[in-house]
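Quick notes on the structure that follows.
The values are calculated or read from the model by the stated rules, or taken from the named source; none is laboratory data. Everything quoted here is computed from the prediction, not taken from an experiment. With ideal geometry, Cβ positions are generated from the backbone for all residues, glycine too; neighbour counts draw on all protein chains shown. Please note that ligands, DNA and RNA were not included when accessible areas were found on the heavy atoms of the full protein model with its side chains. Shrake-Rupley method; radii C 1.70, N 1.55, O 1.52, S 1.80 Å.
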Amino acid sequence: MLLLVLGALLLLFCSLDVWYFLRGVQVFVQAWFQPRVRDMLAEQSIDGTVLPHDLDYMGHMNNSRYLRECDFARFHHYMRNGLFMASRKLGARMVVGASTIRYRRSLAFREAFEIRTKIVGWDEKAFYVEQRFVSKRDGFVSAVMLCRQNVVHCSPESILEFVCKRKVDCPAFPEDLKHWISFISASSQALRAESGLEEKNK
């Protein structure tokens, strides 16, 4: 019986990223019992530490872990400000449409850090989120990411009005965000043109 259970667990861990789902549950429970954040534009932070399973061959936090930690930090952010539950009630889904991360200094083994997340703006289709990895050793911003969180089957404005019970004005976009959105649009146009040429050549 014990061998059967161990075999089933081994199969489960080989088939699914079990730790990802367990971490998601942990973030959900943690955010559920924390105070609600009423300001939609307020910066929130969660703590982290570089553990052995985060490391690359050079002993630093590997690149993919930054993106994974950003996923959990955004989920925590949306839980505390009410956007996640509101989107569920409205039948909407929030999916990542684009992200760009810039690495400035590696995070070493056992180094403590915090991820600071904030919504910097939105349009008719998506929220734009900035996330920073800040070393607790000296306050240095080790990495910064911009994320376009697409809203499907609804709009950011509708979700915000549902949460805040009023219309929320979008702040002016920072210059770097404007350039990044322009890059995304240009990339999409180029890919659509490329797809059109491929269809014509068939």
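Looking across Lys125, Lys118, one residue alone is closer than 16 Å to Glu157 by Cβ and in contact with a strand residue (DSSP E or B) (Cβ under 7 Å, 6 or more places away or on another chain). It is Lys125.
Looking at region 78-106, which of the residues that are closer than 17 Å to Ala143 by Cβ and not small (Gly, Ala, Ser) is most open to solvent (accessible area, probe 1.4 Å)? Per the stated criteria, the residue is Arg102.
Considering only region 129-180, how many residues are under 22 Å from Glu69 (Cα atoms) and under 18 Å from the mean Cα position of the chain (by Cα)?
Residues of region 129-180 under 22 Å from Glu69 (Cα atoms): 129-151, 177, 180.
Subset that is under 18 Å from the mean Cα position of the chain (by Cα): 129-134, 141-151, 177, 180.
Looking only at that region, the number is 19.
Checking each residue in region 43-65 for being closer than 25 Å to Arg166 by Cα and not in a loop (DSSP other than H, G, I, E, B) picks out only Gln44.
Looking at region 131-168 only, could you name the residues that are open to solvent by less than 10 Å² (accessible area, probe 1.4 Å) and within 20 Å of Asn62 (Cβ to Cβ)? Correct list: Gln131, Phe133, Val134, Ser135, Ser142, Ala143, Met145, Cys147. Consider region 162-194 and keep the residues that are hydrophobic (A, V, I, L, M, F, W, C) and closer than 20 Å to Tyr78 by Cβ. The one that is modelled with the lowest pLDDT is Val168.
Tally time: how many residues in region 1-42 are in contact with a Leu (Cβ under 8 Å, 6 or more places away or on another chain), under 30 Å from Glu161 (Cα atoms) and either open to solvent by 90 Å² or more (accessible area, probe 1.4 Å) or among the β-branched types (Val, Ile, Thr) (or both)? Outline the logic, then answer.
The initial filter retains those residues of region 1-42 that are in contact with a Leu (Cβ under 8 Å, 6 or more places away or on another chain), namely 18, 40.
Going one step further and asking which of them are under 30 Å from Glu161 (Cα atoms), we end up with 40.
Checking the rest, the ones that are also either open to solvent by 90 Å² or more (accessible area, probe 1.4 Å) or among the β-branched types (Val, Ile, Thr) (or both) come to none.
Residues meeting the conditions: 0.
Among what's in region 43-57 and is open to solvent by 70 Å² or more (accessible area, probe 1.4 Å) and modelled with pLDDT of 90 or more, pick the residue that is nearest to Lys118 (Cα to Cα). Even if it seems obvious, please write down each step before you answer.
Pass one, region 43-57, residues open to solvent by 70 Å² or more (accessible area, probe 1.4 Å): 43, 47, 51-53, 57.
Right, trim to modelled with pLDDT of 90 or more and you get 43, 47, 51-52, 57.
Details: Glu43: 5, Asp47: 15, Leu51: 25, Pro52: 28, Tyr57: 32 Å.
The residue in question is Glu43.
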